[in-house]
Amino acid sequence: MRERRLRRFCAVLIFIIVGFTLPVRAEDDRGWTFSGRFQGSSNSSGLITKLDPTLGYSFNRHFQMSAGLPVYFVNESSTLTTSTTTTSPGFVKGMGNAYLGFQLAADNPAVNYASNLVFTAPTGDKDKGFSTGRMTVDWNNSFSHNFSSVTPFANVGVANTISDTSFFVRPFSSLGLVGHFEGGATAGSRLVRVGASAYGVQASGEQRIISKVKQRDLRVTQTASPSPSSKRVFETSSEILAPADAANDHGFSTWFAIHHGSNVDFQVGYSRSVSYDLNTVFFGVAFRTGK
C-alpha cells in the first residue's frame, strides 16, 4: 500500500513539473547531453565499482530528463566468513537496474533548489545482488546557498530502496520504505573543492536486503532478528528479510574534488558508516558533453 501511494504521488509530481516547465524557455536551452561516471567504494566488505553512462535531454534550464544503465564490478573481501568456513574472494560483474530520472532546478538569491525523481526497472541480476527484482522509486530534494567560496547544502528524500551515492556504492540492494537525509558544506574555488557531510537513512517496516558481496551457494531467504550482530546482514546472507533496524544507517563523509571546467570531475574521499561500522575509501571520475 505504501509503495502504491508513493508511485501515484510521483506520477502526479511528474505531470506538474512537465506542465510548469515545458513552455517557458527558449529553444537554445534545449539539447542532448551524454555523461558518464566511474566510481568505487572499498571497505572490509570488498571493492565495488560502478560504471554509469547516462543520456539526458534538457527541455530548458529548469527541467531535464535522463536515462541510464549502470554496470557493477564486485571484488568480494577475503575476510568474509560464514559460520563454518572462510569465504574465498570472488569477482562478480553485471548490469544493474535501468533508470529514468526527472530533474527540476530553481535557483534564486535566497536558496537554490533541485528535485530529482528516479525510477528504476528490475533489469539487474538479482542473484548477484544488482537488483531486488522490483521497480523502485527515489525522490530527493536538495537545498543550497552560496556564501562566497562556501556552499552549505541539505538533502532530504523518500524512497522504497537505499540508493547508491557519490561516496558509497552500497554492498547490497534493498527494498522497503526509507527516508534519507544529508547535510554538509563544500568550500574552495571552481577548480578545487573540499567537502564534508553527515548523512542518515531511516527505514520503516520490513526490509528485503540482497547482498552484492555474499556468494550464493544456496539461495535461501532468511529472516533476521533485531539484534546488534545482524546490522551487516549483507555479509552473512545473500538475501534476507530484516526489520527496519538492519537498514538504518548514519555516518559522515569528507572528500576532495578537482573540476576541469564543467565537463570533467575527479573526486576522492573517506566515508564512515557508524551503524555498519564500515570505513570506506571512495573515488569517482565523471565527464559530461553536450548541452
Matching residues in segment 139-171 (of a type in the set (V, I, T) and touching a helix residue (DSSP H, G or I) at 6+ places or on another chain (Cβ under 9 Å)) number 1
Scanning segment 167-202 residue by residue, the ones that are of a type in the set (S, T, N, Q) and surrounded by fewer than 19 Cβ atoms within 10 Å (Cβ to Cβ) total 3
Within segment 136-156, residues being without any contact (Cβ under 8 Å) to a residue 24 or more places away in the chain and part of a strand (DSSP E or B) number 1
Taking segment 184-218 and keeping only residues that are out of contact with any Gly (no Cβ under 9 Å at 6 or more places or on another chain) and either among the aromatic types (F, W, Y) or modelled with pLDDT of 95 or more (or both), one is left with V192, R193
Taking segment 92-113 and keeping only residues that are under 19 Å from S142 (Cβ atoms) and buried (at least 17 other Cβ atoms within 10 Å of the Cβ), one is left with Y99, G101, F102, Q103, L104
Among (1) among the β-branched types (V, I, T); (2) modelled with pLDDT under 95; (3) in contact with a Gly (Cβ under 9 Å, 6 or more places away or on another chain), V18 falls short only on (3)
Going through (1) modelled with pLDDT under 95; (2) over 21 Å from L278 (Cβ atoms); (3) under 17 Å from the mean Cα position of the chain (by Cα) one by one, S166 fails only at (2)
Checking V201, V194, V169, V178 in turn, the sole residue that is touching a Phe, Trp or Tyr at 6+ places or on another chain (Cβ under 6 Å) and among the aliphatic types (A, V, I, L, M) turns out to be V194
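The values are calculated or read from the model by the stated rules, or taken from the named source; none is laboratory data. Every value quoted in this text rests on a predicted model; they were computed, and no experiment measured them. Cβ: placed from backbone, ideal geometry, glycine included. Neighbour counts: every protein chain shown.
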